[in-house]
Each structure stands twice: as structure tokens, then as C-alpha cells.
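Undergrad: Before we start, here is the structure in question, set down as C-alpha cells.
Readers should treat all values here as calculations from the given coordinates under stated rules, not as data from a laboratory. It should be emphasised that the depicted structure is a prediction, and the values quoted were computed from it without experimental measurement. Glycine also receives a Cβ, built like all others from the backbone with ideal geometry; neighbour counts cover every protein chain displayed.
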Amino acid sequence: MPASAGWVIPAEVDGRLTAVVPLEVVVNYWRKPSKTVLKCWGVKVPEAEDGNRTDGMLPDTSPLAVWGYGNEALETLVRGESPDAVKARWSADPRFGLVGVREWAWEEYFGTAEKIAHLAAAQKEGWTETDPRTAYVTLPGLSWRDPERGELPVALLVNLSGIMTHPEHAQRRRVVATPSRIDEAGKRPAYEVLRHAAAVAAGEPLETVLVGPKKVKSAVETGTVTFTWAAPDGAVELLTGVTDVVLRALGSAAFMTDGAGVSDVRKNDMDRILWTGNADLRRGVDLRQAWIEFLGSLLKNPDQNPKAAAHAWRRITAKLLGEAVEDEEETAEGEN
């Protein structure tokens, strides 16, 4: 099966031949389902332009370009480069238009990045970063049929980095600084919940702190959203539920759309390749909408029990896919 090449990898895990799925394949699928499936099936998918290519009078102000400016500024500041050094380099950068235009053109993006970097630094103060490592997280109940080796159990391959310790805190911490809205389900930071779950499932009792723009009353300000739950069994259940859908998609191609509406699908090249004439389009759109709503619920309640969230997701997918699901009690209090 083409999807297995480089994406679902047979490997020994704890002495047992296992179908290993990189966590980033799972994350990328939920961000861009159709695009990820096409890439997994060997289709050469063009990557989007980064938007930061303008040598005219004014800078490119498309949404992607604006996000790129903010992200570039934030990454340099978080790495420890001084604001003056970044400003000096940007003042000579033709992406931001003509000399005399550049300073006011990028000031807004840079100012926001400075606020986010400052708050992220405060969240890291007194904490020491540990060495990166990789880990496997076995997902009970899932299997993958390899064309040569038959039915295999499934595990996620997780890269653990940016995890910090503190002498006065038993729980570890991971800080993610981003120029994207941290309180909107459709944005990149929302998918950090999957990386948080994977770290917890791999034995890292941590909290994940998202630092970036969020709505406070009627204004957008720099703030935080923190995932605090650290129950490994609940994290494994949540990862099992979301990975189950990914494995089905890799095996059957069209399963869930990139677009959250039928009109969005018609405008999306990746969706059009997979979904044109497909009778299951409505289901694919409904599943996408359900996922975004579910992700939104996790952002609104970042300290909720992951086992309860996993049960909720299982009921949602069972209903949309027309499958039976056993009645499950909500998770007992205190498991998170």
C-alpha cells in the first residue's frame, strides 16, 4: 500500500514488530487532511509560497505573509537575538518595501512579537531545558495491515523537545510561543494539544503553555492557554481515537476534507483531487466540522480530563461513521 512507505513504518518496539506512525503525520493530517493523504500516497503536492517575496514599494500584506513576518520576528527574539539587531536587519530588507516605508510597515508585526517573546521568557524563567529524546507510545486496540507482514499493532513515534524542569516543581513545563491566535480551533497552536498528549503518554508529567494572541473581553491581547492534565492513560485514549481516523484515511484516501464546508472544498485544490464526485463528501465535511468544534472545546477547557475528552471524540466519530459505540461512564473525578 503506497501510504505505508515512509509514513507507517514497521519497526521493533519493546521486542515486537509494530507499525510505527510519526506523531507529526497525525498532527499534519488533522491540520490538512486531504493534503497529508495525497503526500502519503506519493502525490507530489506543491508547497504554498511563504508569502515573503516582495521587492515593490510596499510589503506583501496577505494573511500568510503577515503571519510569516510575525513568526520570523518571534523566532529570532525567542532565540535571544536583540530587538535592535532584528530591526537593523529588517531595515535593509526589500521584502518590507522601499527605504522609508519599511520601518512603519513592519512595526506592528514586530511590536506584537516583542510582547509574546517577553511573556514566553517570563514563563521560562527559572526553568532548565532537558535534552531532546524520542519515545514510542503504544496505542491499544489499533492495528495496521502491512502488505508483507500482515496485521501489526500500532505505536506513535514522538519527538520530545523543549521540555523543562524546575527545582521547586514536580511537574515539567513546555512553552510554545506563536504569533497565531491561541484560542481559535482552526489555528496552528490548537494542535499542540496532540503534542501535549503525546508527551504525557510518553511519561512526561508536564504542562504545556501556549503564549500568543488571544481574545480578552472585546480586544485581542497577548496571553496564555495552559494544558495542565497529566494522566497517561487518558492521553493514550485520546491519541488512540484521533490516530484511528488517520489510519483509516491513509488506507482509504478520501475520508475527511481540508475545508470545513462544501463551498470551501470546491476552492481547495487538494480537496478537489480527492473529493470530486465522491458520494461521501458530506460525511467528510461533517467530520472536519466536528473535529474543529472538538478542538475548540479542548482550548476552552484546557484542564479537562483527557479520558472524558477521548470518550466524547469516540462518540462523535461513531455517530458520523454510522458505527455502534458502547455506553461509557464519564471519567472518574481526579484522574487528570
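Undergrad: Residues of region 194-230 with amide nitrogen under 19 Å from the 7 Å Cα-to-Cβ point of Ile292?
TA: What the label zone holds, given the 19 Å backbone N cut-off, is 194, 214-215.
Undergrad: Residue by residue through region 73-86, what is 3J(HN,Hα) from phi via Karplus (6.51 cos²θ - 1.76 cosθ + 1.60, θ = phi - 60°)? Round to whole Hz and write x for glycine and proline.
TA: 4, 5, 4, 5, 5, 5, 6, x, 6, 6, x, 5, 5, 5
Undergrad: List every residue whose amide H lies under 5 Å from the amide H of Thr130, counting only residues 5 or more places away in sequence or on a different chain, with H placed 1.01 Å from N in the peptide plane.
TA: Under 5 Å from the amide H of Thr130: Ile163, Met164, Thr165.
Undergrad: Just to verify a number: FRET efficiency for His166 and Glu75, C-beta to C-beta distance, R0 = 30 Å, to 0.05? List each step's numbers first, then the result.
TA: Numbers: r = 24 Å, r/R0 = 0.80.
So the FRET efficiency works out to roughly 0.80.
Undergrad: Please state the relative contact order of region 109-165 as a whole percent: Cα pairs under 8 Å, 6+ residues apart? Could the numbers behind the result be given before it?
TA: Numbers: 62 pairs, mean separation 21.6, N = 57.
Answer for region 109-165 is 38 percent.
Undergrad: I would also like to ask the following. Sorting check: for 191-199, 175-183, which peptide has the highest mean count of neighbouring beta carbons within 10 Å, and how do the rest follow?
TA: Values: 191-199: 23.9, 175-183: 21.4.
Highest mean packing first, the order is 191-199, 175-183.
Undergrad: Right, something else. Starting from the Cα of Asp233, move 7 Å in the Cα-to-Cβ direction to define the label point; list residues of region 136-177 whose amide nitrogen is under 19 Å from there.
TA: 137-142
Undergrad: Could you sort 305-316, 72-83 so that the peptide with the highest average Cβ count within 10 Å comes first and the rest follow in order?
TA: Working: 305-316: 20.8, 72-83: 16.3.
Most protected by this proxy first, the peptides run 305-316, 72-83.
Undergrad: Another question, if that's okay. Set Lys and Arg Cβ to +1 and Asp and Glu Cβ to -1, take the dipole of region 124-183 about its Cα centre, and tell me which of Ile182, Leu156, Pro132 lies farthest positive.
TA: Going by the Cα projections, it comes out as Ile182.
Undergrad: Follow-up question, since we're still on this one. Report the gain in length on full extension from Ala219 to Arg89: 0.36 nm times residue separation, minus Cα-Cα distance, nm rounded to one decimal. Intermediate results must be reported in sequence, preceding the final value.
TA: Details: separation 130, 0.36 × 130 = 46.80 nm, distance 3.11 nm.
Result: 43.7 nm gained on full extension.
Undergrad: For the peptides 225-238, 152-165, what is the packing order when you average, over each peptide's residues, the other Cβ atoms within 10 Å and list the highest mean first?
TA: Details: 225-238: 20.9, 152-165: 18.9.
Ranked from most to least packed, the peptides come out as 225-238, 152-165.
Undergrad: Given 0.36 nm per residue, what is the gain on full extension from Leu64 to Glu107 after removing their alpha carbon distance, in nm? Can you show the working numbers first?
TA: Values: separation 43, 0.36 × 43 = 15.48 nm, distance 1.71 nm.
Length gained, Leu64 through Glu107: 13.8 nm.
Undergrad: Now for a separate question. Tell me, what is the FRET efficiency for Arg266 and Asn159 to the nearest 0.05, using R0 = 35 angstrom and their Cβ-Cβ distance as r? Before the final figure, lay out the partial values.
TA: Values: r = 36 Å, r/R0 = 1.03.
Efficiency for this residue pair is about 0.45.
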